[in-house]
Structure formats: structure tokens, C-alpha cells
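The values are calculated or read from the model by the stated rules, or taken from the named source; none is laboratory data. Since we're looking at a predicted model, the values are computed, not measured. Reconstructed Cβ throughout: ideal geometry from the backbone, glycine too, with neighbour counts over all protein chains shown.
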Amino acid sequence: MSYTEEQVANLVDGKLDWETTFRMLSMPKDLGRFEKYLAALQARVAYADKIVLPLAPHMNIVQRASDKKWMIKCDCGHEFCDHTQNWKLHASIYVRDTEEAMTDVYPKLMAPDTQWQVYREYYCPKCGTMHDVEAPTPWYPVIHDFEPDIETFYRDWVNLPVPERA
């Protein structure tokens, strides 16, 4: 079954009816859906850089228009870094490492012991969108979630030409 650009856009916006959503997510993907998904995401951002791969809600790997470099970018237009780097090291970070800070998230007696666990919240420095939360031990380094293999994804999974890059 093939879905329209409007249905994919409504899925992105969380406005698609449940039955269609369930059917769309449980059935094999139709040809062209990834392109429709990228088009829906591109329509929601003000920048001209082409979205190559969504990385997280409100965060994409884009092909910069000026030099074709692949960069990690927030929907607001803030550019974090090259797609191979850990974007979290370029974010605004709030660390919940006190009992008082943890009780903003948990009831007092249910919060983790801050000697064993902290919360690191990663925000866009420009718009303030929270992009991720980690709950490591206090001494653990910032986690680099993954570095996608974009060439293989385009070649082997969506059968599209790999976007150029510098």
C-alpha cells in the first residue's frame, strides 16, 4: 500500500488517525516513503540546507547548501557540528546532580542517589529544544550515541543516490 505525502506529513505532526498509523507502521514500507518523510521534515524547517537523514526529533543531518558538507542541525537552524562528531559536546548541557535538581523530575524519595546517577539534559543553544537526556554515573563521559553509515543506508535500504558531500 502506498501513502500520500499528506498522510506522511500528518504522521510526522502526530495528526494521523490511529488506524492508518497502525497500518502504516506495521506493514512493509512502500517505495518512496523515505522521500515523502524527508519532504515533510524539510517543509517544517526554514533553512535551505537539504535534510539527508533525520537524527532525532527536531534534529537532522543536512547537506549544507554552501559547501555540501554534512552537518548536524536543529530545526531552528542552529548548526551543531560535522555529522561524524558528537553533537552533545556542542549543546547546552544541564546536569541534575543534586537532590534538589532531581526532585524536579522525581518525587523526593524516588529520585536516584546522585552519587551513583546524574541526569544530563542536552539542549539546543539557540532555541532551547531538549534533544536528549542521559542518566549515567557522575564520572562517565558524554555518550556518543552512534554515527550513521549514510552511504550504506541510501544504497542498501532506500535505493536512492547518496547525497553529495564535501
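Key figures for this structure:
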quantity	calculated
Residue list for the range 65-78, restricted to those being out of contact with any Cys (no Cβ under 8 Å at 6 or more places or on another chain), surrounded by fewer than 18 Cβ atoms within 10 Å (Cβ to Cβ) and in contact (Cβ under 8 Å) with a residue 24 or more places away in the chain	D67, K68, K69, G77
Single residue of V8, V52 found to be over 22 Å from E164 (Cα atoms), surrounded by 19 or more Cβ atoms within 10 Å (Cβ to Cβ) and in contact with a helix residue (DSSP H, G or I) (Cβ under 9 Å, 6 or more places away or on another chain)	V8
Flag if P125 is more than 20 Å from the chain's Cα centre (by Cα) and free of Cβ contacts under 8 Å to residues at least 60 places away in the same chain	no
Contacts under 7 angstrom Cβ, first residue in the range 87-106 being more than 20 Å from P125 (Cβ to Cβ), partner among the aliphatic types (A, V, I, L, M), 6 or more apart	D97/V118; E99/A111; M102/A111; T103/A111
Extreme residue, farthest from I51 (Cα to Cα), among residues of the range 141-161 that are part of a loop (DSSP other than H, G, I, E, B), of a type in the set (V, I, T) and touching a strand residue (DSSP E or B) at 6+ places or on another chain (Cβ under 8 Å)	V142
Matching residues in the range 42-56 - criterion: being of a type outside the set (V, I, T) and either in contact with a Pro (Cβ under 6 Å, 6 or more places away or on another chain) or over 20 Å from Q7 (Cβ atoms) (or both)	A46, Y47, A48, D49, K50, L53, L55, A56
Residue within the range 79-101 that is surrounded by 20 or more Cβ atoms within 10 Å (Cβ to Cβ), in contact with a helix residue (DSSP H, G or I) (Cβ under 8 Å, 6 or more places away or on another chain) and closer than 27 Å to L11 by Cβ present	yes
Residues within the range 84-123 that are of a type outside the set (S, T, N, Q) and more than 19 Å from V142 (Cβ to Cβ), tallied	12
All helices (runs of 4 or more DSSP H) inside the range 1-94 with 3 or more residues being under 26 Å from V133 (Cβ atoms) and under 17 Å from the mean Cα position of the chain (by Cα)	5-13, 33-42
Pair list, Cβ < 7 Å and 6+ apart or interchain, from the range 27-43 residues that are in contact (Cβ under 8 Å) with a residue 60 or more places away in the chain to residues that are assigned to a loop (DSSP other than H, G, I, E, B) and not polar (S, T, N, Q)	F34/V158
Residues that are surrounded by 12 or more Cβ atoms within 10 Å (Cβ to Cβ) and either of a type in the set (A, V, I, L, M) or over 15 Å from the mean Cα position of the chain (by Cα) (or both), drawn from the range 141-151	V142, I143, I150
Of all residues making up the range 111-140, the number that are surrounded by 13 or more Cβ atoms within 10 Å (Cβ to Cβ) and either in a strand (DSSP E or B) or polar (S, T, N, Q) (or both)	12
From D104, D30, residue being among the charged types (D, E, K, R), more than 30 Å from Q7 (Cα to Cα) and at pLDDT below 95	D104
